[in-house]
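Right, one structure below, let's go through it.
The values are calculated or read from the model by the stated rules, or taken from the named source; none is laboratory data. All of these numbers come straight from a predicted model, not from anything done at the bench. Here the Cβ positions follow ideal geometry from the backbone for every residue, glycine too, while neighbour counts run over all protein chains shown. In case anyone asks, the SASA skips ligands and DNA or RNA and just uses the protein heavy atoms, side chains included. Shrake-Rupley method; radii C 1.70, N 1.55, O 1.52, S 1.80 Å.
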Amino acid sequence: MTTTVDPSEIAKFEAMAAEWWDPNGKFKPLHMMNPIRLDYITAQIAVEFDRDLAQAKPFAGLRILDIGCGGGLLCEPMARLGATVVGIDAGGSNIPVAQAHAKQSGLTIDYRHTTAEAVAESHEEFDVVLTMEVVEHVADPLVFLAACQRLLKPGGLHVCSTLNRTTKSFGAAIVGAEFIMRWLPKGTHDWAKFITPDELYGMLRQAGLDPVDRKGFQFNPVSWKWRLSDRDLSVNYVTTALNPA
């Protein structure tokens, strides 16, 4: 079976697995970014599936797959919103961490140590597929995105965030985050694997998806917060694509 798993990339995150839920640990950048990621994801799902986020369980009846789920930072909020959630990760050390935290939180989430390609081969389908900060770590982004397309029901929604390949992203994500701030271990990111928004849009279309939106995640070093940007996609950005009905 074809797989896009890069063992060296998986090893990086398995080495940090115990720290997934430590907001001041090695995943501090994700914890800082998570609120704005959730705002974007929930808004896109609500629009596409005509859901009212003011309701107690607005995503009830939706089946959501989080690929590269790690410790469950996205799975748990989706489950609280009423969705049936499956979280998968190619790093086996991440799954027990995610399972234990979900149990402590009183949440039922289907966590699996597997790959996108393996789930696609089983012909499972989902309303929403999330691939947040994953595509820059796989061996073949196009093959990976094609598996995501196969996992979506007709009319399903794909949300993908990644890093742009720019001089600014090298300075922020590698020099800044890994060497100066030391938020991440050195070598966490490979700048050559970063993908420009136009390249990602092209690969999404080749994979059979229809890109409909993209936004930047912009960090403000003064307020120490992230915000969405319509214009600045120079470092972190996110896309939404639909699987044609």
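Placing unit charges on each Cβ (+1 for Lys and Arg, -1 for Asp and Glu) gives region 1-149 a dipole about its Cα centre, and among VAL97, ALA139, VAL47 the Cα reaching farthest toward its positive end belongs to VAL97. Spin-label model, THR3/GLN104: points 7 Å from Cα along the beta carbon direction are separated by 2.9 nm. Quick one: which of LYS168/LYS193; LYS28/LYS193; LYS12/LYS193 span more than 20 angstrom between C-alpha atoms? Listed pairs above 20 Å: LYS28/LYS193. Quick one: what are the phi-derived ³J(HN,Hα) couplings along region 37-44, Karplus 6.51/-1.76/1.60 with θ = phi - 60°, whole Hz, x for glycine and proline? 3J(HN,Hα) across region 37-44, in whole Hz: 4, 5, 4, 5, 4, 5, 5, 5.
Loop only per DSSP, at most 13 neighbouring Cβ atoms within 10 Å: give me the GluC sites (Glu not before Pro) in region 12-55, ordered by residue number.
Numbers: sites: GLU14, GLU19, GLU48; in loops: none.
When the GluC sites (Glu not before Pro) of region 12-55 are filtered for loop state and at most 13 Cβ neighbours within 10 Å, nothing remains.
Given their separation in residues at 0.36 nm each and the Cα-Cα distance between them, ALA192 and ASP213 gain 5.1 nm when the chain is fully extended. How much of the accessible area of region 1-109, in percent, comes from carbon and sulfur atoms when a 1.4 Å probe is used? Looking at region 1-109 in its full context, I get 53 percent from C and S.
For region 86-166, the solvent-accessible area works out to 35 Å² per residue, with a probe of 1.4 Å and every protein chain left in place.
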